[in-house]
Amino acid sequence: MSLQVVRGRELKPPSRPGRTEPDARSGSKTSQESPIPRIGKAASPASGKTLLRFPVGEETRAFYRRFYPGTTTAEWNDWHWQFQARIRNLEMLEKVFVLAEDERLAASRHKGPLPVGITPYYASLMSREDASEPLRRTHVISTKEDIVLPGESIDPLDEDHDTAAPGIVHRYPDRVLFLTTGTCSTYCRYCTRARAVGNPGGEYQFSPKQWEKGLAYLEAHTEVRDVLLSGGDPLSIADDKLDWLLTRLRAMKHIEFLRIGSKIPMVLPQRITKAFVKMLKKHHPLFMSIHVTHPRELTPETTEALNRLADAGVPLGSQTVVMKGINDDISIMKPLMQGLLKRRVRPYYLYQTDPVRGSGHFRTTVDAGLKIIEGLRGFTTGYATPIFAVDAPGGGGKIQIAPDMVVGRDGDDLLLKNFEGKVYRYPDPLGTLGSDKPKPKLPAE
Ligand code: SF4
């Protein structure tokens, strides 16, 4: 592996791959080998002191006392503990949930990528009895995933086609997606990269050794000014490795800013330690796009994690997939967007669910997403109104879908509709916008 001199010091890739990366400690186990750990010993006094400062919501506290008796608050707040204790198989699911028959069947026979994976913290937000509860539906496997509908594919965005170097998807002119890991702390059942995540030793494994190939590509492609680190979840990577990667990217003068896409602040907020945000601060300008699903995720824990990131000067944006029966209603989306904004997260994208194989039960109509935007725009703060987009199957990229507010044209006037549906004139004598529309019937003035 080549070494590079950065800012006057020799930069070596981290040499202790298993020391702090949780999945490296637990990833070799098969799902059959991981009972719910009952951890009775206290965390080290030094780390415990820090960890205890992380809040624990009432509902979550009652959950862990019931299902993880003997676990201390310091242990519960240790992200490594959360990672190791993930619910990964039928036996563990049955200890926490009253499973529906289709969940039980799907969990008993699942093999390959996109395994079951739920942090105990995230499980504490889910319904124990109700299989239709939104957060539970997004993470507990179901036989509905076996139904493949027309137009679905294992790589709906054709990312493999746009892969320019291992882990580097180069689709847009000045920016790339850098797939850094195949590991996530939790596995979302609608994941666009279901083919690639959670499969140790599989085709899509990434490592610091392989990162070198991606870094070599970026060094050669000086037109790239923006790198989005994704995966898997880059925040599942240990601090020292991520620091190393960010440092290498920062050393490239043509890369103007970095972004990290992550769901971890919502599903494993304890990961956002003070040491971690201190490390991130070294790499500004560094943005973070946080994958958020439902207002139930806005807990004292996630609030603390978001505060830490925002206080470290990391501009935060959200990405939300619109899903049937989960969040495809303005009564869910409005409090979610407003709640994010209150926590200094700018709602950024609403996505139509990608047609990934077996995701039909999550997909709603594009009209539903548009209706949500219509219910937000004008009715709440503009900052709380995200962009609604369809990521075009076949690699077309994100295509924005917005309500059409242009009614037409009347002579020199452009006719525009406001958020309440009222029509207004704008003097635009030299313009042509709206002239292709049939002349609207206007109320007598
Ligand atoms: S966290 Fe992201 S990459 Fe991981 S399973 Fe969920 S959607 Fe996929």
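The values are calculated or read from the model by the stated rules, or taken from the named source; none is laboratory data. Nothing here was measured: the structure is a model prediction, and the numbers come from that model. Reconstructed Cβ throughout: ideal geometry from the backbone, glycine too, with neighbour counts over all protein chains shown.
Per the listing GLY369, GLY396, GLY382, the residue uniquely surrounded by fewer than 18 Cβ atoms within 10 Å (Cβ to Cβ), free of Cβ contacts under 8 Å to residues at least 60 places away in the same chain and touching an Asp or Glu at 6+ places or on another chain (Cβ under 9 Å) is GLY396. For LYS144, the conditions (1) part of a helix (DSSP H, G or I); (2) away from the ligand (no atom under 14 Å from the Cβ); (3) buried (at least 18 other Cβ atoms within 10 Å of the Cβ); (4) touching a residue at least 40 places away in the same chain (Cβ under 8 Å) are fulfilled apart from (3). Among residues of the stretch 170-187 that are of a type in the set (A, V, I, L, M), those with a Cβ under 6 angstrom from a residue that is within 11 Å of the ligand (Cβ to nearest atom) and at pLDDT below 95, sequence gap 6+ or separate chain, pair up as LEU179/GLY231.
With respect to being aliphatic (A, V, I, L, M), surrounded by 16 or more Cβ atoms within 10 Å (Cβ to Cβ) and closer than 21 Å to ASP158 by Cα, LEU228 fits the description.
So which pairs qualify, if the first residue must be in the stretch 216-242 and farther than 13 Å from ALA164 by Cβ and among the hydrophobic types (A, V, I, L, M, F, W, C), the second must be within 10 Å of the ligand (Cβ to nearest atom) and in a helix (DSSP H, G or I), the Cβ gap must be under 9 Å, and the two must be at least 6 apart or on different chains? Note: pairs meeting the criteria are LEU235/ILE264; LEU242/PRO234; LEU242/LEU235.
From MET266, MET252, which residue is under 27 Å from ARG189 (Cβ atoms) and modelled with pLDDT of 95 or more? Working first, answer last.
Values: MET252 fails: under 27 Å from ARG189 (Cβ atoms).
Just a single option satisfies the conditions, and that option is MET266.
Part of a loop (DSSP other than H, G, I, E, B), free of Cβ contacts under 8 Å to residues at least 40 places away in the same chain and surrounded by fewer than 20 Cβ atoms within 10 Å (Cβ to Cβ): which single residue out of GLY313, GLY317, GLY325 fits that description? Going through GLY313, GLY317, GLY325 in turn, just one is part of a loop (DSSP other than H, G, I, E, B), free of Cβ contacts under 8 Å to residues at least 40 places away in the same chain and surrounded by fewer than 20 Cβ atoms within 10 Å (Cβ to Cβ): GLY313.
The criterion of at least 2 residues that are among the β-branched types (Val, Ile, Thr) is met by the following strands (runs of 3 or more DSSP E) wholly inside the stretch 333-445: 387-392, 406-410. Please go through the stretch 169-179 and give me each residue that is part of a strand (DSSP E or B) and either out of contact with any helix residue (DSSP H, G or I) (no Cβ under 9 Å at 6 or more places or on another chain) or away from the ligand (no atom under 16 Å from the Cβ) (or both), ordered by number. Of everything in the stretch 169-179, those that are part of a strand (DSSP E or B) and either out of contact with any helix residue (DSSP H, G or I) (no Cβ under 9 Å at 6 or more places or on another chain) or away from the ligand (no atom under 16 Å from the Cβ) (or both) turn out to be VAL169, HIS170, ARG171, TYR172, ARG175, VAL176, LEU177. Just the residues that are within 15 Å of the ligand (Cβ to nearest atom) and among the small types (Gly, Ala, Ser), please, taken from the stretch 185-211. Once the filter is applied, which keeps residues that are within 15 Å of the ligand (Cβ to nearest atom) and among the small types (Gly, Ala, Ser), the stretch 185-211 yields SER185, ALA194, ALA196, GLY198, GLY202. Residues that are assigned to a helix (DSSP H, G or I) and either modelled with pLDDT of 95 or more or away from the ligand (no atom under 13 Å from the Cβ) (or both): does the stretch 152-168 have at least one? For the stretch 152-168, residues assigned to a helix (DSSP H, G or I) and either modelled with pLDDT of 95 or more or away from the ligand (no atom under 13 Å from the Cβ) (or both): absent. The single condition among (1) part of a helix (DSSP H, G or I); (2) within 15 Å of the ligand (Cβ to nearest atom) that GLY214 does not meet is (2). The listed residues are GLY182, GLY232, GLY261, and the only one of them that is closer than 27 Å to GLU145 by Cβ, within 16 Å of the ligand (Cβ to nearest atom), assigned to a strand (DSSP E or B) and under 15 Å from the mean Cα position of the chain (by Cα) turns out to be GLY261. In the stretch 424-445, the residue that is nearest to TYR172 (Cα to Cα) out of those that are at pLDDT below 95 and either among the hydrophobic types (A, V, I, L, M, F, W, C) or touching an Asp or Glu at 6+ places or on another chain (Cβ under 6 Å) (or both) is LEU442.
Give the stretch 237-288 a look and list any residue that's of a type in the set (Ser, Thr, Tyr) and surrounded by fewer than 20 Cβ atoms within 10 Å (Cβ to Cβ), or say none. Residues satisfying the conditions are THR247, THR273.
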